Amino acid sequence: MAALGLLGAALVGCGGGAAERPAPGAAPPAVSHEPSPKASAAAAGPKPARVPTAPPTLAQGPGGVTPVYTRRAKGTEKVVALTFDADMTADQGPRAARGEHFDNPQLIATLRRLKVDATVFMTGRWAEEYPDQAKSIGADPRFEIANHSYSHYAFASPCYGLPTVAGPDMATDVQRAFDAFRDAGAVNVVPYFRFPGGCYDDAALRALAPTGVTAVQWDVVSGDAFAKDADAVADQVLDEVEPGSLVVMHCTRSAAPVTEQAIRRIVPELRARGYRFVKVSELMGR
């Protein structure tokens with residue numbers, strides 16, 4: 001994984017007070033032939049854009065264990081992070097070739113139309129299958145792309161029947177996903193990782209420590225995986241969301257066909273309750 005350095009630059013502006021009037025009878029002030037600060041600034045061209053700060057992460061635990069973030073500490077500010085897992089397992093290429101859709105462009109379009117900030121946890125295999133969509137999502141300031149592994153294999157077993165990544169290969173699998181995002185041209189990539197199936201143990205947390213990621217889980221399960229009833233998905237989210245919640249949903253038509261329809265109800269109803277939608281980086285940074 002390309003190193004994600006801490007970037008931070010402050011552009012400091014200078015302001016001058018009102019000029020003093022000379023005392024009566026005093027000699028007039030000397031006229032300077034040096035260019036004024038404003039003229040110098042104009043000659044130098046426009047100021048550079050502010051350099052964005054790096055996304056917030058959590059400190060590693062004792063012994064260098066990968067930290068895990070589940071939600072913002074409970075408070076009164078009504079913010080919620082909607083997250084979407086763009087799942088595609090490494091061995092599902094033949095199914096995609098036969099026409100199975102692991103993407104959901106209509107969901108992304110709806111989030112844009114409703115002006116919802118969100119975090120997409122993407123597998124590297126998904127980015128390889130849909131590079132144009134990965135690039136588009138990763139170039140949109142409303143979204144950020146986080147790592148959901150390359151293979152979507154489990155990092156602990158048992159885990160919903162998923163094949164398991166061997167311990168020595170876990171960090172490489174995560175790195176391979178970051179490489180896939182870069183190769184697709186995605187820009188807004190954050191150093192967050194979600195375990196496939198949400199399954200992990202202490203060995204997995206130790207194995208991922210060299211990658212420098214923060215593992216991100218959730219406190220609200222939408223139930224959209226393989227669901228057929230959009231209202232049931234919406235009800236589950238609306239019933240469980242609290243200020244600071246982190247919701248897990250999916251961006252995969254074949255495995256979560258009613259997510260987009262549920263979002264069309266979830267977003268306006270939460271806004272009517274006073275909620276604001278934020279990305280994980282903002283939720284973690286608050």
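Using amide H atoms built in the peptide plane, which far-off residues or other-chain residues are under 5 Å from VAL189 H to H?
Under 5 Å from the amide H of VAL189: ILE145.
If we sort 64-70, 168-174 on the protection proxy, mean other Cβ atoms within 10 Å, highest first, what's the order?
168-174, 64-70
Could you give the length gained by full extension between LYS115 and GLU242, i.e. 0.36 nm per residue of separation minus their alpha carbon distance, to one decimal place?
So the chain would gain 43.7 nm between LYS115 and GLU242.
Can you work out D for the range 184-265 in µm² s⁻¹ from Stokes-Einstein, where Rh is the Kirkwood radius over C-alpha pairs, the temperature is 10 °C and the viscosity is 1.306 mPa s?
Rounded to a whole number, D works out at 109 µm²/s.
Based on a Kirkwood Rh over C-alpha pairs, give the Stokes-Einstein translational diffusion coefficient of the range 86-234 at 4 °C and viscosity 1.567 mPa s in µm²/s.
For the chosen part, D equals 82 µm²/s.
Go through the range 142-147 residue by residue and turn each phi into a ³J(HN,Hα) via Karplus (6.51, -1.76, 1.60, θ = phi - 60°); whole Hz please, and just put x for glycine and proline.
6, 10, 9, 9, 10, 8
Between the range 259-278 and the range 162-227, how far is it from one alpha carbon centroid to the other, in angstrom?
Computed from Cα coordinates, the inter-centre distance equals 26 Å.
If you count only protein heavy atoms and use a 1.4 Å probe, how large is the accessible surface of ARG71, to the nearest 10 Å²?
Per-residue accessible area (ARG71): approximately 50 Å².
How much length, in nm to one decimal, is gained on full extension between ARG264 and ASP202, taken as 0.36 nm per residue of separation minus their Cα-Cα distance?
Roughly 18.5 nm would be gained on extension.
With the Cα gyration tensor of the range 66-147 in hand, convert its eigenvalues to equivalent ellipsoid semi-axes via √(5λ) and list them largest first in whole Å.
They are 27, 16, 11 Å, listed from largest to smallest.
Can you put LEU82, LEU114 in order of accessible area, largest first, using a 1.4 Å probe?
So the residues, ranked largest to smallest area, are LEU114, LEU82.
Taking the Cα atoms of the range 168-232, report the difference between the largest and smallest coordinate on each principal axis, in whole Å and largest first.
Principal extents (Cα only, largest first): 41, 33, 17 Å.
Would you calculate the volume per residue, in Å³, of the smallest convex hull containing every Cα atom of the range 53-112?
Convex hull volume per residue, Cα atoms: 186 Å³.
Run the simple label-point estimate for ALA232 and TYR160 please: 7 Å along Cα→C-beta, distance reported in nm.
1.6
Above 17 Å lies some portion of the pair distances; for the range 120-164, what is it as a whole percent of all C-alpha pairs?
39
Whose amide H sits under 5 Å from the amide H of THR123, counting only residues 5 or more places off or on another chain, with H placed in the peptide plane?
ALA86, MET88, HIS148
Go through the range 222-233 residue by residue and turn each phi into a ³J(HN,Hα) via Karplus (6.51, -1.76, 1.60, θ = phi - 60°); whole Hz please, and just put x for glycine and proline.
6, x, 7, 5, 6, 6, 10, 10, 5, 5, 5, 5
Calculate one ³J(HN,Hα) per residue across the range 280-286 by plugging θ = phi - 60° into the Karplus curve 6.51 cos²θ - 1.76 cosθ + 1.60, and present them in order as whole Hz with x for glycine and proline.
4, 4, 6, 4, 5, x, 7
The values are calculated or read from the model by the stated rules, or taken from the named source; none is laboratory data. Quick caveat, the model's predicted, so the values are computed rather than measured. Cβ coordinates were reconstructed from backbone atoms using ideal geometry, including for glycine residues, and neighbour counts include every protein chain displayed. Keep in mind that these areas ignore ligands, DNA and RNA; they rest on the heavy atoms of the full protein, side chains included. Shrake-Rupley method; radii C 1.70, N 1.55, O 1.52, S 1.80 Å.
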